[in-house]
Amino acid sequence: MQSFGYLDPADADAAIAAAAAPGGKFIAGGTDLMQLMKDDVEAPTRIVDVEKLPYGAIEANGSGLRLGALARMSDVAAHPAVQRDYPVIAQALLASASPQLRNMATMGGNMLQRTRCHYFRDTGFPCNKRNPGSGCPAIHGENRLLAILGGSEHCIATHPSDLAVALVALDTSVELQGVGGARRTVALGDFHRLPGDTPQIETVLQPGELITALVVPPSAAARRSAYLKVRDRASFEFALVSAAVALEMQGNTIADARIAMGGVGTKPWRLPAVEAALRGQAATPENFTAAAGLAVEGAMPAGKNDFKVKLMQRTLVRALSTVAA
Amino acid sequence: MDAIVGQPLDRVDGRLKVTGGARYAAEFPVPGVVHAVLVQSSVAAGEIVAIDTSAAEGMPGVLAVITPENAEKLQADKGGEQVVSRPTLQDMQVLYNGQHVAIVVADTLDRAQAAASALKLTYKQDEAVTTMDSALNTAYRPKHFRGGARSPDSNRGDADAAFDAAAVKVDATYRTPIEHHNPMEPHATIARWDGDRVTVWTATQGISGAQHTLATLFGIPPANVRVICPYVGGGFGCKGSTWPPATLTAMAARKVGRPVKLSLTRRQMFTSNGYRPRTVQKVKLAADAGGKLVAIRHDGMSQMSMPSLGEFAEPVGLATEMLYSCPNVAVTHRLVGVNAPLPTYMRAPGEASGVFALESAMDELAVALRIDPVELRLRNYADGDEHEDKPFSLKNLRECYRQGAEAFGWSQRNPAPRSMRDGRVLIGWGMATSTYPANRRPAEALVRLQADGSVVAGSGTQDLGTGTYTVMTQVIADELGVSPRRVRFVLGDSTLPPAPGSGGSTTVASVSPAVQAACAAARQKLFSLILADPQAAGLTSADLRLANGVVLAPARRFPLSQVLARAGLEYIEGRGKTEGPPGGHSLHSFGAQFAEVRVDPDLGEIRVSRYVGAFDAGRILNAKTGRSQLIGGITYGIGMALLEETATDAETGRYVNADLAEYLVPVHPDVPLIRTIFVAGEDPVLDPLGARGIGELPMVGVAPAIANAVYHATGVRVRDLPIRIEDVLG
Ligand SMILES: Cc1cc2nc3c(=O)[nH]c(=O)nc-3n(C[C@H](O)[C@H](O)[C@H](O)COP(=O)(O)OP(=O)(O)OC[C@H]3O[C@@H](n4cnc5c(N)ncnc54)[C@H](O)[C@@H]3O)c2cc1C
Ligand code: SF4
């Protein structure tokens, strides 16, 4: 770890200004950033603690769910309105990390947690994401955990968040505040970027831009939603494959479907083609299987993750059947 | 008074541990201590051609940057137990990725870390052999198999001819991965020199071995090395040898003239103190139509480092030589050198990997023969050790099968694969045999009986968290008729009478007889004092009994305080000794493992849902710590079966999942309630208490029991550990 300065600003403008300067970096729960700094993967010279800023509220009402960027994973998971109206969110959170981590980790930090690609997290390896242009050893190496969709020849790392998968499925938007108080809102689906030939640029965030909230619109589908996470270990492991599924049913007909998957894409992977194929269809195993076939269109497995093509479809079929039942 | 030995006494160090009072190596407050950080290579083979220390040396607080260019030259390693003399910065050669190439010392840990990352090394890279599987054709015969005590190969009868002629055969190759011990406590050492004497506080399973290693390498008498280690935060074998980080800490302390502390990072733990090597094992079994084994062949290969680092051969075939009755048995052990660190013992070395292959093959044979797996094992039951041609000191394996099967409900098993379900979930039941050698090594102990009736005793042994403190306290309590609360047993200091390293489940069988003998010696001295007293006229030692600080005799009593006062003694001291194992018997523990798995047929998730293990391990000295060993061992086996694997990047030979977020070990929901059974029986040969070690036995056979259960659930035979989702997706 390199030595660094620590700032504890009183308001958002000061925080944003400090983070926008070269070497500046926000820290919230610190559960990812501290680890990356200890491993010399990131070496900010000044960390800007945002925990005292007033963005910790969880608000649920008729116009949707507003998750303050600093709300803790544990608090969001335990919130009655979240559990009732957005079960996929609560389930994704409870399937994430461990209770200790969830007590510290925040919504904003969760969206910005970095990939678990082994190579990225060990400075003994080259890695295009960590050190642009140095190469990607994972594509021909230990890629069991990595993405089958959305990759490029430069990077096939997955975005590891469970929560982001659930939120992307529910059309969440991200509220941002930038230098000089500039505010904007970005759809979460557009927030993370595909690696292309710049895998080091992971989001559309501008320097110093702060996430202030994640806003989830209400929907009938959100109320009938679930998160399914498949992994080797029964708990405390990132997803090999996961599915966030939200359905609005009319009898046995699927009126609306929102679907995203984790562990398979280089960003939280929304599946619009699958959703379109299911809309207006009967909830039958055949329809689910056919739709799941669309999910893996264009998949480019890398060897040790070949099984994800099959597992992704099976996971989706299972999640659809569970939610429709 | 009821015997204390055998009771489920709470561990005597429990309170200290849960309150943070137990002091581990890195926690000793040594005044003036400074901090060292290891630097490790990022290439697998080649030579260091340039080391730029200028930036690091100029950084604040930096006291020394030690590299092969300026490191102290160590004395030649004359061999001996637990000595690992390289890599210790003695030359510029790089033999594996993650090899120690420098050590940086600074006044604070942060400064040492910062300077360590400022070090610039340039390498000339050579072609590296990074994986065992790419080099199987280079396999060679170990040169010092079992310390040179025996050949790596053995033969009885003619296994090949019998195999060729047999009716029913299994011929398969099994693979086990590299696994790392990953104890909670990382390796840590503090070293302080006083002239040519050095004191080291180090996390070790063998203080005697550490003393010997450091004395040898620094060329000083063993008496000049004091090793202190009262608590070990888990070892599992990786603290068995004295690995280079301890040596380098002492080297650094000598260089800077101040006490130095080195604590490894988790990532460094993957390349600094060994691992269970990968194995590729070919097993051939043949039986007659009645299920009687006629041939067994087990050709084991295990992965090695480059030979100049030492030699470690995973003895996968040893159990195969004796586990079943069979006239024709052939076993070989070979090594495959790669650019990797030196492997080492890891919980149940040899047996854990080897029995996975053998007991998976036995299950395949049972399937081929259409014989129940337990029944097949009974038909081939070995009443004696046919390899050593000796009787077993104690073997109650038949009872293990019987009691284990009954507790598990084995008779309800439908033998057809995929036949048992719970809704959509596939249920599989599998079993396997467990065995592990029982052993004993020379040990000494010292006991002091004090005037107030309390006892202080000690031996230079270790407590890896297994319960040595507690069990020895119980032994003393019984021998000297005192409450365990009045006994203080000390260990983990090389100034105490010597004892062997704690590995191979030898501590109980080695140290407890020495403690017992020391107690007997002290008691004898006490009785002699009393019998010399005129008040004892007419008594013999057979009339005397020591209880709660008083020697009782018919119609007379002699309080210890008075006896000692009269003799002008503060305490009575007894010393005791154990020798190596007795020779006439084959010494082994046994067990039967039964596992139930639930497999999601679509998603491939495998979970162990029920578990029964029945063990024949002699007399159990503490029912509670004993059961803890069983639960821990079985949990370790669940990890081996389904989760643990150190993955190597084939391009660079560097481990990719060298941390506990990515190296998976079981967590609570992976472990079902484990039912454990100790089959009654005392070993009449190994030690006077009838006990045998139980640290490793319970993990042997877990992986094959689970693999066999996975086969039963899914119809898929997985011969390559760990068994994961992709193996059973279909
Ligand atoms: C062992 C382990 C297991 C885990 N398992 C899982 C899992 O199964 N599933 C899962 O989803 N996650 C898992 N996680 C990841 C965990 O969820 C994240 O570490 C956590 O959500 C990060 O939140 P934080 O508040 O601690 O972020 P920090 O570590 O404080 O920050 C992370 C990043 O976000 C930036 N940041 C933080 N807040 C803001 C803000 N408001 N605006 C702009 N930038 C911001 C920081 O600058 C930093 O770059 C695991 C983590 C660990 C260590
Ligand atoms: S996949 Fe991406 S993160 Fe992983 S090594 Fe390649 S470039 Fe780096």
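The values are calculated or read from the model by the stated rules, or taken from the named source; none is laboratory data. Note that the structure is predicted; figures quoted are calculated from it, not measured. Glycine gets a Cβ as well: all are built from the backbone with ideal geometry, and neighbour counts include every protein chain shown. Heavy atoms of the whole protein, side chains included, go into the accessibility calculation; ligands, DNA and RNA do not. Shrake-Rupley method; radii C 1.70, N 1.55, O 1.52, S 1.80 Å.
Among residues of the range A:101-115 that are open to solvent by 30 Å² or more (accessible area, probe 1.4 Å), those with a Cβ under 9 angstrom from a residue that is within 16 Å of ligand 2 (Cβ to nearest atom) and among the hydrophobic types (A, V, I, L, M, F, W, C), sequence gap 6+ or separate chain, pair up as A:Arg114/A:Leu36; A:Arg114/A:Val41; A:Arg114/A:Phe120; A:Arg114/A:Ala157.
Quick grid of which residues meet (1) outside any strand (DSSP E or B); (2) within 30 Å of B:Val101 (Cβ to Cβ):
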| residue | (1), (2) |
| --- | --- |
| B:Leu9 | yes, no |
| B:Lys17 | yes, no |
| B:Ala22 | yes, no |
| B:Ala26 | yes, yes |
| B:Pro31 | yes, no |
| B:His35 | no, yes |
| B:Leu38 | no, yes |
| B:Val43 | yes, yes |
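Here B:Asp687 does not fit the description of being surrounded by 18 or more Cβ atoms within 10 Å (Cβ to Cβ), within 14 Å of chain A (Cβ to nearest Cβ) and either in contact (Cβ under 8 Å) with a residue 12 or more places away in the chain or more than 16 Å from ligand 2 (Cβ to nearest atom) (or both). Find all pairs meeting these conditions: Cβ atoms under 7 angstrom apart; at least six residues apart or on different chains; first residue within the range B:103-127 and away from chain A (no Cβ under 14 Å); second residue open to solvent by 50 Å² or more (accessible area, probe 1.4 Å) and β-branched (Val, Ile, Thr). So the pair list comes out as B:Thr122/B:Val49; B:Lys124/B:Val49.
Kindly evaluate B:Asp727 against the criterion of being more than 30 Å from B:Met472 (Cβ to Cβ), outside any loop (DSSP other than H, G, I, E, B), within 11 Å of another protein chain (Cβ to nearest Cβ) and acidic (Asp, Glu). Taking the combined requirement at face value, the residue satisfies it. Restricting attention to the range A:146-179 and to residues that are within 14 Å of another protein chain (Cβ to nearest Cβ) and surrounded by 24 or more Cβ atoms within 10 Å (Cβ to Cβ), the residue that is farthest from ligand 2 (Cβ to nearest atom) turns out to be A:Ile148.
With the structure loaded, tell me whether B:Gly237 is more than 21 Å from B:Val105 (Cβ to Cβ) and in contact with a Lys or Arg (Cβ under 7 Å, 6 or more places away or on another chain) or whether it fails that test. When the stated conditions are applied, B:Gly237 passes them. B:Ser454 falls short on exactly one of the conditions (1) surrounded by 19 or more Cβ atoms within 10 Å (Cβ to Cβ); (2) of a type in the set (Ser, Thr, Tyr); (3) more than 30 Å from B:Gly730 (Cα to Cα), and that condition is (1). Using the structure shown, decide if B:Leu426 is in contact (Cβ under 8 Å) with a residue 60 or more places away in the chain and not in a strand (DSSP E or B). No; evaluated as a whole, the condition is false for this residue. Of the residues A:Gly23, A:Gly29, the single one that is touching a Ser or Thr at 6+ places or on another chain (Cβ under 8 Å) and touching a residue at least 24 places away in the same chain (Cβ under 8 Å) is A:Gly29.
Determine, yes or no, whether A:Ala157 is near ligand 1 (Cβ under 9 Å from one of its atoms) and in contact (Cβ under 8 Å) with a residue 60 or more places away in the chain. In short, no. Look at (1) away from ligand 1 (no atom under 16 Å from the Cβ); (2) open to solvent by 20 Å² or more (accessible area, probe 1.4 Å); (3) in a loop (DSSP other than H, G, I, E, B); (4) not β-branched (Val, Ile, Thr) and you find that A:Gly189 fails only one, number (3).
On the basis of being farther than 26 Å from A:His154 by Cα and small (Gly, Ala, Ser), does A:Ala295 make the cut? No; evaluated as a whole, the condition is false for this residue.
Tell me whether the range B:636-655 contains one or more residues that are in the same structural domain as B:Ile723 (by TED's automatic domain parsing), open to solvent by less than 20 Å² (accessible area, probe 1.4 Å) and β-branched (Val, Ile, Thr). Yes: one or more hits. Just one of B:Val294, B:Val336 is at pLDDT 95 or above, open to solvent by 10 Å² or more (accessible area, probe 1.4 Å), not in a loop (DSSP other than H, G, I, E, B) and not charged (D, E, K, R); which is it? One residue alone meets the criteria, B:Val294.
Scanning the range A:230-252 for residues that are open to solvent by 30 Å² or more (accessible area, probe 1.4 Å) and within 14 Å of chain B (Cβ to nearest Cβ) gives A:Ser235, A:Phe236, A:Phe238.
Residues that are in contact with a strand residue (DSSP E or B) (Cβ under 7 Å, 6 or more places away or on another chain) and either at the interface with chain B (Cβ under 10 Å from one of its Cβ atoms) or open to solvent by 60 Å² or more (accessible area, probe 1.4 Å) (or both) within the range A:291-318 comprise A:Gly298, A:Lys308, A:Leu311, A:Thr315, A:Arg318, listed in sequence order. Taken over the range B:657-676, the criterion of being open to solvent by less than 20 Å² (accessible area, probe 1.4 Å) and part of a strand (DSSP E or B) is satisfied by B:Ile674 alone.
For the range A:97-113, does any single residue satisfy the condition of being more than 9 Å from ligand 1 (Cβ to nearest atom), at negative phi and within 14 Å of chain B (Cβ to nearest Cβ)? Yes, there is a match, as at least one residue in the range A:97-113 is more than 9 Å from ligand 1 (Cβ to nearest atom), at negative phi and within 14 Å of chain B (Cβ to nearest Cβ). If you scan the range A:256-290, which residues turn out to be in a strand (DSSP E or B) and open to solvent by less than 20 Å² (accessible area, probe 1.4 Å)? Listed by number, the residues that qualify are A:Ala257, A:Ile259, A:Ala260, A:Met261, A:Gly262, A:Gly265. Those helices (runs of 4 or more DSSP H) of the range A:1-95 in which 1 or more residues are within 14 Å of chain B (Cβ to nearest Cβ) and open to solvent by less than 20 Å² (accessible area, probe 1.4 Å) occupy A:33-38. Is it fair to say A:Leu205 is within 9 Å of ligand 1 (Cβ to nearest atom), in contact with a Leu (Cβ under 9 Å, 6 or more places away or on another chain), in a loop (DSSP other than H, G, I, E, B) and open to solvent by 30 Å² or more (accessible area, probe 1.4 Å)? Against the criterion (within 9 Å of ligand 1 (Cβ to nearest atom), in contact with a Leu (Cβ under 9 Å, 6 or more places away or on another chain), in a loop (DSSP other than H, G, I, E, B) and open to solvent by 30 Å² or more (accessible area, probe 1.4 Å)), A:Leu205 qualifies.
Against the test of being within 16 Å of ligand 2 (Cβ to nearest atom), at pLDDT 95 or above and of a type in the set (A, V, I, L, M), the options A:Val41, A:Val50, A:Val76, A:Val82 yield a single qualifying residue, A:Val41. Of the residues making up the range A:128-145, those that are open to solvent by less than 40 Å² (accessible area, probe 1.4 Å) and under 24 Å from A:Phe236 (Cβ atoms) are A:Ala138, A:Glu142, A:Asn143, A:Arg144.
Just one of the numbered conditions (1) at positive phi; (2) in contact with a Phe, Trp or Tyr (Cβ under 6 Å, 6 or more places away or on another chain) is not true of B:Gly653: (2). Consider B:Ala50 carefully, then state whether it is assigned to a strand (DSSP E or B) and in contact with a Lys or Arg (Cβ under 6 Å, 6 or more places away or on another chain). Considered against the rule, which asks whether it is assigned to a strand (DSSP E or B) and in contact with a Lys or Arg (Cβ under 6 Å, 6 or more places away or on another chain), B:Ala50 comes out as no.
The criterion of at least 2 residues that are of a type in the set (A, V, I, L, M, F, W, C) and more than 33 Å from the chain's Cα centre (by Cα) is met by the following strands (runs of 3 or more DSSP E) wholly inside the range B:451-548: B:545-547. When A:Leu294, A:Leu228 are checked against the criterion of being aliphatic (A, V, I, L, M), away from ligand 1 (no atom under 13 Å from the Cβ) and under 30 Å from B:Val665 (Cα atoms), a single residue qualifies: A:Leu228.
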